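Asks: The structure follows.
The values are calculated or read from the model by the stated rules, or taken from the named source; none is laboratory data. Here the structure is a predicted model, which is why all the values come from computation and not from measurement. Positions of Cβ are backbone-derived with ideal geometry, glycine not excepted, and every protein chain shown enters the neighbour counts. The protein model used for the area step is the full one, side chains on, heavy atoms only, and it has no ligands, DNA or RNA in it. Shrake-Rupley method; radii C 1.70, N 1.55, O 1.52, S 1.80 Å.
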Amino acid sequence: QVQLVESGGGLVQAGGSLRLSCAASGRTFSSYAVGWFRQTPEKEREFVASINWSGINRNYADSVKGRFTISRDNAKNTVYLQMNSLKSEDTAVYYCAATKSVDYYRGRGYNYWGQGTQVTVSS
């Protein structure tokens, strides 16, 4: 069982930066791939980025490539999402999720989800 808690959301001006954190409980967290997703009331949930258990393999949605960076610190049971050059269209609730599925990089098979953290980018 893995429990996830996101933090770090907030209000930021366009062009600014935020770093989201996803803190996990469970001694086996380091064996899970982790993904970040986002959702707005107008859109379906969207895959943002993923990272495999070791941190070597990282994948990003085209919309955030070059601006967002996913990383993890398994000693701290935490995954991060550094978001730079934020745009108004990045406004959403951001969720982290964990899985052991081989399709993690496609945004599929995630079993455990956090409660989400709101990111609002003002233009």
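Asks: Under a plain spin-label model, where a point goes 7 Å from the Cα along Cα-to-Cβ, how far apart in nm are Lys43 and Arg67?
Replies: The answer from the label model is 1.0 nm.
Asks: Return one whole number: the accessible area per residue of the chain in Å², for a 1.4 Å probe.
Replies: 52
Asks: Could you point to the residue in Ser17, Met83, Gln3 farthest towards the positive end of the chain's charge dipole, with +1 and -1 charges on the Cβ of Lys/Arg and Asp/Glu respectively?
Replies: Gln3
Asks: Here is a further query. Pick out, in residue order, every one of the GluC sites (Glu not before Pro) in segment 38-123 that is DSSP loop and has at most 13 other C-beta atoms within 10 Å; say none if there are none. List each step's numbers first, then the result.
Replies: Details: sites: Glu42, Glu44, Glu46, Glu89; in loops: Glu42, Glu44.
Passing both the DSSP loop test and the Cβ count: Glu42, Glu44.
Asks: Also, quick follow-up: Going through segment 19-75, which trypsin sites (Lys or Arg not before Pro) have at most 16 other Cβ atoms within 10 Å and a DSSP loop state?
Replies: Arg27, Lys43, Arg45, Lys65, Arg67
Asks: For Gln13 paired with Ala75, estimate the spin-label separation in nm (one decimal), with each label point 7 Å from Cα along the Cα-to-Cβ line.
Replies: Going by the 7 Å Cα→Cβ label model, 3.7 nm.
Asks: Where in segment 27-69 does the amide nitrogen come within less than 14 Å of the point 7 Å from the Cα of Ser122, taken along Cα to Cβ?
Replies: Taking a point 7 Å out along Cα→Cβ of Ser122, no residue of segment 27-69 has its backbone N under 14 Å.
Asks: Work out the length of the dipole vector of segment 8-79 about its Cα centre, built from +1 on the beta-carbon of each Lys and Arg and -1 on the beta-carbon of each Asp and Glu, and round it to the nearest 20 debye.
Replies: Result for segment 8-79 is approximately 200 debye, rounded to the nearest 20.
Asks: Over all Cα pairs of the chain, how is the pair count split among 10 Å bins, expressed in % and running from 0 up to the last occupied bin?
Replies: Values per bin, smallest distances first: 15, 51, 30, 5, 0.
Asks: Go through Val119, Ala92, Gly66 and say which Cα lies farthest out towards the positive end of the charge dipole of the chain; charges sit on Cβ, +1 for Lys and Arg, -1 for Asp and Glu.
Replies: Gly66
Asks: Can you tell me the dipole magnitude for the chain around its Cα centre, using point charges on the Cβ only (Lys, Arg +1; Asp, Glu -1), in Debye to the nearest 20?
Replies: 320
Asks: If you stretched the chain out fully between Arg27 and Asn84, how much longer would it get, using 0.36 nm times the residue separation minus the C-alpha to C-alpha distance?
Replies: 17.4 nm is the gain from fully extending Arg27 to Asn84.
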